[in-house]
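This report concerns only the one structure given below.
Bear in mind these aren't lab numbers, they're just calculated from the coordinates by the rules spelled out. This structure is a prediction, so every number in the text was calculated from the model and none was measured. Don't worry about glycine lacking a Cβ; one is built from the backbone with ideal geometry, like all the others, and counts go over all protein chains shown.
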Amino acid sequence: MAKDKWIAWFRQVEKQSGERASDSPWLTLERSLTHRDIESLGEKWQRLSPLARDSRWLRVITQCINTWPTGLPLVLAAIAEQGIARPCVLKDVIRLLGNQIHLHKDPQRFADSVVVSLLSVLGKMDPGTVEVTQLTVYRILKFASMDKLHDLYAGLRKYNCKMSLDTKMQFASRLAKDINHRERSLEVVRDMVQEDNLDINSVEGAALATSLLAIKNESPLKADRTRSAAPPVVSEEVHKFLFGLGLRPNIITLTAIIQALCEIGQVQKAFEVYDLMVELGLEPDEQVFLTLLYGCKTREYYASAERVVGLVKQHNIHSRFIWNEVLHTILLAAMKRKGKGARILPIFPAMGFAYNKLFHPELLQKFLITDLKHHTLEISDKVAPPDWLWPLIKRTWRIVTALPNNWEPMQPGIDTILIMLKGYIQGFGRSISIVKLYAHFRELIKSRDPLVVGFMREAGPQLHNLILKALCSRASRLRFALDIVSNMLKDSIEVRKAAEEAGRNPEEDEQVWLHPAPDIRTWGILHKGFVAHMRYKEADEILEIMNRYGTAPNLKTYNQVLGRYVRRRKPAEALDIMSRIQQAGLVPDAFTKRFATRLHRRLRKHEKTPEIMQLVESMAGGELGGLGAAGPVEANEAEHDNGDNNYADLPADEGRITDYAQQKQAALDEYDQLEAELSQGAVSDISRSSGATGDPSVWQESWTQSKG
């Protein structure tokens, strides 16, 4: 009887509520949270009574933290409301979200979701009731995208959230790094001056002004092409804005302006700023001239570079970094004049002439296999260079003749020696010369000369990399390149083992310095060499050898392989490389996203499984369909990275070389011939090599044959 009364009462309550007990709002709310259905969760939440929402709000947040921490920003935005959400709990939850950003595989995406959730919560609560700690704001702006940063700053101001002066300076500095958000960073600076009484001429204000003036001219691939941003602020407008705030120009701010103008190619305006610096009575320092010379070199303003050299002499500034730029300018100008079919570049005589006027010759001579004096040509205003050298030096002729004559020579640095050796190797016409240079280098290491020991301690494998890069330029030299890397591995392992057995610290042992192990750049040069000559099987084996010896491929190497597989229409291999990138925890760059976008277009319908699509979308970074397939990418890629791991000049398809087997056999025959010459001592005199002689007539003959 009692049971029947209880059932009748229960049905009456059920009828009054109009719902079945199994479909109660709380049970469906839990089910939506378990299934991670945010839309359903929001609808079920609104169906609860205010009293039920008040009692269960904290329970939902706790359950989400325990079962679905990545969805906490979405859940918080869906159930936060005035009178229900407690400000103290909101403060702790927002702080928890800030602490979790760096733990995610894609911190930027999670940080953006935290910004959206935070702004939604602030919009539902009364202004000033929610406290956001400065540390939380800093952790968010460290990873969030530029668009979300501006939204966060505007939201915090709109809802009366406190921001310290340091926090605002962080916002301004981050926004200033993107040229498309430079105007927004100026708004933040204006707010600091008006509201926080920031002195633009203080240490903090001057540092902020310098960051605003330092414009970086980014590659178009780095820009978000799907965003319709406002036109970027011109550098001149930034100058007027800061000077309007009362900024007094000093040597640091004016140098930053010069650097910004050189970055965007306005070298003539940079010289106008230099003239202003002189008019204000400021004394230019080494950094000013180095910045001007770098801008002239990159933009090929050689007449302006001659003026910089004259100014350096006038101010009597002794700096090897400035003269390194001069040597590098001579080399780069000649390399741009080199024809596509030319195998040698006899620019070293001009570089040797400039080097002898500026630096002590002892250290460089130790690394050369010929006499440096034989490479020096007498070049002056009255003595013109020979005809075979003139095409390479005519653009930098006046720079060379403007160099000082009676200055005390300086000690060269590592960068100086490497620049000179690069020009030296460019003049080698035969592979045997490069091999002889490497053999000479190994003999120097065995002799343990004090100058060589000091050089190797700082240089590491950079000289090996220079020789490797020259060997990898031709298919017949690849086996020599493998031998060099093999020697590096064997020698470095042996000396480290000997140092450990003797109880010495390997990091401070002299023998370890003299026998450096291959670094990521070494492997990158070797890998690119095999790829460029379509030796794909060996290139893939190099990746395995890298991992075996403890050097993980970097993103550039992975992009190199990924681009090759995408171009050759091998989706399975491309997906495997994407998985490796993801497992290594590397953040995809603009090239990874471009290759992933191309791969997405080439996948067939049956290949687009959910797992594959999730992987491709994570690599593309939300840009699927955002980048057009038309248009050459090689130019942008070459601009993005001019290093040894760039992938702009890789072959598009192995079908480009129709008779690959014959070329491969010809390369092997040439290698056998070189090996025979080495073993029999056929080339006993290195001067017989066209690129290793000091006789200018041989340089002339080699250059003429190369042009022909």
Practice problem: Could you work out how far apart the two model spin labels at Val587 and Ser319 are, taking each label as a point 7 Å from the Cα in the direction of the beta carbon, and quote it in nm? | Solution: 3.1
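Using Cα pairs closer than 8 Å and at least 6 residues apart in sequence, work out the relative contact order for segment 454-512, in percent.
22
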Quiz item: Please state the relative contact order of segment 458-611 as a whole percent: Cα pairs under 8 Å, 6+ residues apart?
Solution: 19
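Which value, in Å to one decimal place, does the Kirkwood hydrodynamic radius take for segment 43-82 when every pair of different Cα atoms is included?
By the Kirkwood definition, the hydrodynamic radius is 10.4 Å.
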Practice problem: Pick out, in residue order, every one of the trypsin sites (Lys or Arg not before Pro) in segment 240-348 that is DSSP loop and has at most 14 other C-beta atoms within 10 Å; say none if there are none. | Solution: Lys340
Quiz item: Given a Förster radius of 25 Å and the C-beta distance between Lys158 and Leu276 as r, what FRET efficiency does 1/(1 + (r/R0)^6) yield to the nearest 0.05?
Solution: 0.05
Quiz item: How many nm is it between the label spots at Glu81 and Lys537, if each spot is 7 Å from the Cα in line with the beta carbon?
Solution: 6.9
Practice problem: Would you mind getting me the FRET efficiency between Leu165 and Ser40? Use the beta-carbon distance for r and R0 = 41 Å, nearest 0.05. | Solution: 0.40
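If you wrap a convex hull around the Cα atoms of segment 273-329, how much volume per residue is inside, in Å³? Let's see the in-between values first.
Numbers: hull volume 4.2 nm³, N = 57.
Per residue, the Cα convex hull of segment 273-329 comes to 73 Å³.
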Exercise. Give me the net charge of Phe455's neighbourhood, meaning all other residues with Cβ under 10 Å from the Cβ of Phe455; Lys, Arg count +1, Asp, Glu -1.
Key: 0
Practice problem: Within 10 Å, count the other beta carbons around each residue, average over each peptide in 118-126, 363-371, 253-261, and list them highest first. | Solution: 253-261, 118-126, 363-371
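Once you have the alpha carbon radius of gyration of segment 239-339, what is it after dividing by 2.2 N^0.38 Å, with N set to its residue count? Provide the component values of the computation, followed by the final result.
Values: Rg = 14.4 Å, N = 101, 2.2 N^0.38 = 12.7 Å.
In units of the 2.2 N^0.38 Å rule of thumb, it is 1.13.
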Quiz item: Expressed as a rounded percentage, what relative contact order does segment 249-334 have, with Cα pairs under 8 Å and six or more residues apart?
Solution: 28
Quiz item: Once you sort the root eigenvalues of the Cα gyration tensor of segment 40-154 as a ≥ b ≥ c, which label holds: rounded (a/c under 1.5), prolate (a/b larger than b/c) or oblate (the other case)?
Solution: prolate
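How much space per residue, in cubic angstrom, does the convex hull of the C-alpha atoms of segment 483-595 take up?
118
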Quiz prompt | Label-to-label distance, nm, for residues given as His374 and Cys88 (7 Å Cα→Cβ offset) | solution = 8.7
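Does segment 387-545 come out rounded, prolate or oblate, given a ≥ b ≥ c as the square roots of the eigenvalues of its C-alpha gyration tensor, rounded meaning a/c under 1.5 and, failing that, prolate meaning a/b above b/c?
Oblate, since a/c reaches 1.5 and b/c is not below a/b.
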Exercise. Determine the dipole magnitude for segment 309-374: charges of +1 sit on the beta-carbon of Lys and Arg, -1 on that of Asp and Glu, nothing else is charged, the reference point is the Cα centre, and the result goes in debye to the nearest 20.
Key: 320
Quiz item: Placing +1 at every Lys and Arg Cβ and -1 at every Asp and Glu Cβ, with all other atoms neutral, what dipole size does segment 358-502 have around its Cα centre, in debye to the nearest 20?
Solution: 580
Exercise. Please work out how much length the chain gains when fully extended from Ile251 to Asp106, using 0.36 nm per residue of separation minus the C-alpha to C-alpha distance, in nm with one decimal.
Key: 48.1 nm
